[in-house]
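**Student:** Here you go, one structure.
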Amino acid sequence: MIPRNDVVVIGGGPAGIATALAANQNGFRTVVLDSRVPPLDKPCGEGILPGGVAALATLGVHPAPTDAVPFAGIRFEDEESSAWAEFSGGAGLALRRVRLHELLVARALQAGVDFRWSTSVTHVDPGYVTTDSDRIPYTWLVGADGQNSAVRKWAGLDSGTSWGKRFGFRKHFQVRPWSNMIEVYWVAGCQIYVTPTGEQEVGVAVFSRDPHLRLDQALQRFPALAEKLEGAISTSVEMGDTTCLRRLPEVTQGCIGLVGDASGTVDAITGQGLTLSFQQAIQLAESFKRGNLSTYELAHKKISTIPAAISGLLLLMERSNGLRRKTIRLFQNSPAIFAKLLSIHAGALPLSSIGMSEVADFGWKLLRA
């Protein structure tokens, strides 16, 4: 008889491995299934906000200075204005996605997580997962298989609403980072996100609604940034993916829980994807320990509400040049407002830290900006 695994995780990306680690820390036997072979890469901003860094530490993952570059905050810049703010709750970390994956896998193997790479899941039944080579029993099942999650479909959770589908393309350049911040450059129709990923490297990603817009073309719209990258050697192949804001009514069904992009997404420009995945993983494992996934439903909504709201605001800025110019101009002229919003975004302050008078003052200043 095949021994029953306490937790079977479908999807071996950061969200899946983080969930396996968290479950393992709570005493569960865990196996991770993925059709791919590590290390796994994905086009993303590669920044982890302070809340995500804290969650990683809880999982026992501590990137060394040779692996990750700390960043102090975020800068927004467009044709007219430039605004920046530092995190109030410690620094974020930026590192290559493949290196993050290697660190997660190493920590999970050390903890005793069982990995089955090159394993395709063909069907999910109550209590069993069928793969191309085996039938694996489980007590709890985790869908960590991305935006187009098959587990989500099998569980009947594939509803919800999506907004603002966009396309992102990323590659890296060999150049010394010129800032200790993640920078977001805005023009009409697209944004470019710059992340320091090493002592002599930056990751550069473009986001737009145009599936044909590639990074080299987009850089022509950002002459100051293009000048910084002039002559820099590309250190990776350009990769692309889609991004959107998607909310699901539910992320659990019986003994099945969704985590990471399988459980809903925020627009990649928020830089929240990895942080949300790690925080969700910890909460999902806690619900296994309690024997009831309803606690995860509540925790997931709490974790996701502010990032989704900020994602919506940034998508409004992306669609309206006038709103975008006014907002960044306001942040430049009122840095305390930007700093507080950034602290809320990074999880250092609760949403309740903004009072109604501040909301009214923000709206008035935005109208006058």
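**Student:** Please report, ordered by residue number, the helices (runs of 4 or more DSSP H) entirely within segment 132-249 with at least 1 residues that are among the β-branched types (Val, Ile, Thr) and in contact (Cβ under 8 Å) with a residue 24 or more places away in the chain.
**Tutor:** Details: elements: 150-154, 215-219, 223-229.
So the answer is 150-154.
**Student:** What are the residue pairs meeting all of these: first residue in segment 40-69, first residue at positive phi, second residue in a loop (DSSP other than H, G, I, E, B), Cβ atoms under 7 Å, and 6 or more apart or on different chains?
**Tutor:** What qualifies is GLU46/LEU95; GLU46/ARG96.
**Student:** What are the pairs with Cβ atoms under 6 angstrom where one residue, in segment 309-322, is assigned to a helix (DSSP H, G or I) and the other, located anywhere, is surrounded by fewer than 21 Cβ atoms within 10 Å (Cβ to Cβ) and small (Gly, Ala, Ser)? Sequence gap at least six, or different chains.
**Tutor:** LEU315/GLY164; ASN321/ALA188
**Student:** Among the numbered criteria (1) of a type outside the set (D, E, K, R); (2) out of contact with any Lys or Arg (no Cβ under 9 Å at 6 or more places or on another chain); (3) modelled with pLDDT of 95 or more, which single criterion is violated by THR122?
**Tutor:** Looking at each condition in turn, THR122 falls short on (3).
**Student:** Go through (1) modelled with pLDDT of 95 or more; (2) surrounded by 16 or more Cβ atoms within 10 Å (Cβ to Cβ) for GLY271 and report which single condition fails.
**Tutor:** Tallying (1) modelled with pLDDT of 95 or more; (2) surrounded by 16 or more Cβ atoms within 10 Å (Cβ to Cβ), GLY271 fails exactly one: (1).
**Student:** Do you know which residues across segment 282-294 are crowded, with 17+ Cβ neighbours inside 10 Å and of a type in the set (Ser, Thr, Tyr)?
**Tutor:** So the first thing to find is which residues in segment 282-294 are crowded, with 17+ Cβ neighbours inside 10 Å, and the list is 282-285, 287-288, 293.
Matches in segment 282-294: SER287 only.
**Student:** Residues that are closer than 20 Å to ALA94 by Cα and surrounded by 18 or more Cβ atoms within 10 Å (Cβ to Cβ): does segment 246-255 have at least one? Break it down into steps so the answer makes sense when it comes.
**Tutor:** Filtering segment 246-255 for residues closer than 20 Å to ALA94 by Cα gives none.
No, segment 246-255 has no match at all.
**Student:** Being over 30 Å from THR139 (Cα atoms), out of contact with any Leu (no Cβ under 9 Å at 6 or more places or on another chain) and outside the structural domain of ASP145 (by TED's automatic domain parsing): is that true of VAL237 here? If you could, list the steps in order and put the result at the bottom.
**Tutor:** Values: over 30 Å from THR139 (Cα atoms): yes; out of contact with any Leu (no Cβ under 9 Å at 6 or more places or on another chain): yes; outside the structural domain of ASP145 (by TED's automatic domain parsing): yes.
Yes.
**Student:** Out of curiosity, is ARG75 within 30 Å of TRP154 (Cα to Cα), basic (Lys, Arg) and touching a residue at least 12 places away in the same chain (Cβ under 8 Å)?
**Tutor:** Working: within 30 Å of TRP154 (Cα to Cα): no; basic (Lys, Arg): yes; touching a residue at least 12 places away in the same chain (Cβ under 8 Å): yes.
When the stated conditions are applied, ARG75 does not pass them.
**Student:** In segment 290-316, which residues are more than 16 Å from ALA346 (Cβ to Cβ), of a type in the set (A, V, I, L, M) and at pLDDT below 95?
**Tutor:** Passing the criteria: LEU315, LEU316.
The values are calculated or read from the model by the stated rules, or taken from the named source; none is laboratory data. Bear in mind that the values here come from a model prediction, so they are computed numbers and not experimental data. Neighbour counts are summed over all protein chains in view; Cβ atoms, including those assigned to glycine, are modelled from backbone coordinates with ideal geometry.
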